[in-house]
Amino acid sequence: MAGQRLTLRRIAILVVLLPILASCGMVADNEFTRVGFPEPATQEGPGIIELWQGFWIVAIAVGLLVIGLLVFASIKFRRKSEDEVPPQVRYNIPLEILYTVVPLIIVLALFGFTAKEQNKLTALTDEYTHVVNVVGFRWSWSFNYIDSNVYETGTPGVVPTLYLPVDEKVRFELTSPDVLHSFWIPSFLFKMDIVPGAINRFELTPDKVGTYVGKCAELCGQDHARMLFNVKVVERPEYDQYIASLRAKGQTGMIPPGILPRGETITNAGAN
Ligand SMILES: [Cu+2]
């Protein structure tokens with residue numbers, strides 16, 4: 001009897017969950033199935049969306065199971081008459097082991113999937129086409145295009161724009177001359193801290209032409225909220241034109257200079 005009830009419950013859970021799972025696979029590209037995430041603008045984005053969806057599916061499944069059990073228990077074991085005391089149950093070792101082990105397995109599995117995706121995302125290759133040294137400083141950004149030896153810089157009042165060519169892998173090298181900042185482009189579904197005294201590196205391949213917003217995601221002082229930038233993902237000819245325009249303006253070299261940690265150097269993209 002108990003076994004039969006358990007099977008029925010499993011079927012009920014599947015009936016509720018299947019449409020959710022199916023809708024994630026079939027209508028993958030809207031804000032509802034992305035659970036609030038923006039449309040990814042990089043090749044790496046879809047993997048992050050899938051991880052996020054997986055977390056939600058697990059959370060919904062656990063939530064439904066717990067709510068289902070609560071409702072079931074409160075109906076099934078309720079007091080049935082005024083003078084009745086329902087059976088008082090204590091200690092159920094198998095059940096206690098079950099609700100210790102099952103959450104542990106869930107947490108370990110979520111950790112495993114996250115670690116796998118994160119290792120893939122933060123792996124450095126030698127397949128990049130460009131290196132951009134992003135300098136986060138109080139309170140704006142400089143973009144040093146290492147392979148072209150030009151730069152662009154901003155102020156809290158004049159928001160700088162980072163140009164990236166579409167479908168080309170870019171290595172970002174993050175540095176800070178002052179305090180902690182965090183380089184965040186929501187549409188790239190990626191954020192990495194900028195730590196003074198260290199160079200944090202990652203690589204992404206933007207794959208959708210468009211204009212995106214970026215911001216500092218680490219409270220860094222008075223004008224933190226104005227530490228904004230734009231990102232323009234453009235076709236290669238437009239990118240080359242932009243780089244040439246920086247050179248024409250005389251913005252060659254790196255800015256601000258002398259901020260690299262001792263003994264560390266920005267990757268020389270000329271090698272590729
Ligand atoms: Cu900042």
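The values are calculated or read from the model by the stated rules, or taken from the named source; none is laboratory data. Everything numeric here is computed off the predicted structure, so don't read it as measured data. With ideal geometry, Cβ positions are generated from the backbone for all residues, glycine too; neighbour counts draw on all protein chains shown.
Quick notes on this one:
- Checked against the criterion of being in contact with a Gly (Cβ under 8 Å, 6 or more places away or on another chain), of a type outside the set (Val, Ile, Thr), buried (at least 18 other Cβ atoms within 10 Å of the Cβ) and on the phi > 0 side of the Ramachandran plot, the range 178-195 contains one or more residues that satisfy it.
- The number of residues in the range 113-168 being of a type in the set (Lys, Arg) and within 16 Å of the ligand (Cβ to nearest atom) comes to 1.
- Enumeration of residues in the range 185-212 that are more than 11 Å from Gly136 (Cα to Cα) and within 15 Å of the ligand (Cβ to nearest atom): Ile185, Lys191, Met192, Asn200
- Some residue of the range 171-183 being touching a helix residue (DSSP H, G or I) at 6+ places or on another chain (Cβ under 8 Å), within 16 Å of the ligand (Cβ to nearest atom) and closer than 21 Å to Ile49 by Cα: no
- Answer from Thr252, Thr211 - the residue that is modelled with pLDDT under 95 and not aliphatic (A, V, I, L, M): Thr252
- Where Gly250 falls short, out of the listed (1) touching a helix residue (DSSP H, G or I) at 6+ places or on another chain (Cβ under 9 Å); (2) assigned to a loop (DSSP other than H, G, I, E, B): (1)
- Checking each residue in the range 227-257 for being within 16 Å of the ligand (Cβ to nearest atom) and in contact with a Phe, Trp or Tyr (Cβ under 6 Å, 6 or more places away or on another chain) picks out Met227, Phe229.
- Failed item, numbered, when Leu219 is tested on (1) within 16 Å of the ligand (Cβ to nearest atom); (2) closer than 17 Å to Val131 by Cα: (2)
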